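Comments concern the structure below.
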Amino acid sequence: MRRPCRRSYLRRMKRILGTIIALYFVVRAVAEPFLIDMSDPSTYQADWGGPSLAGVLLVHCGPGVVAAILLGFAFRRWWGRRLAAEADRAWPYRGAGEHSRRSRADRRPASDREAGHQRADGRRHHDARPGGDAQPP
């Protein structure tokens, strides 16, 4: 049985550790406004970012907001990769109808894709010039 690469273990451990730290910052940012008495400055004057309430909230909630944004981006990227992998696994069993995830160009044989798309007048679409209509061959 083949063992996975040591680098993949390290990469997975970094992701797990980073997620745990990011979740800590998010929970701390959510809890901080409830832990201090915003109407009594003596409860937050000695905290980091004090003596102003804005400074305390910025220092204690700012990293949580940044971590939440980065977690959202990471989740979105992970979800997109997961959907793409599921679509690739399901491809041979799916019909080639309009609901297929692959484009029509991918469904054509390779020889047709290399030759270019033929128009009704016999010209290929990449024969068109940028400045105007295609010139006759």
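The values are calculated or read from the model by the stated rules, or taken from the named source; none is laboratory data. Computed from a prediction, not measured in an experiment: that's the story for all the values here. Note that we place each Cβ from the backbone using ideal geometry, even for glycine, and neighbour counts take in every protein chain shown. Calculation scope for accessible area: heavy atoms of the full protein, side chains included, ligands and nucleic acids excluded. Shrake-Rupley method; radii C 1.70, N 1.55, O 1.52, S 1.80 Å.
Ranked from largest to smallest solvent-accessible area, with a 1.4 Å probe on the protein heavy atoms, Met38, Met13 come out as Met13, Met38. Note on Val65 and Asp37: their simple-model spin labels are 2.6 nm apart, each label 7 Å out from Cα toward Cβ.
Let me check I've understood the local charge: for Gly50, count other residues with C-beta under 15 angstrom from its C-beta, Lys and Arg +1, Asp and Glu -1. What total comes out? Result for the neighbourhood of Gly50: -4.
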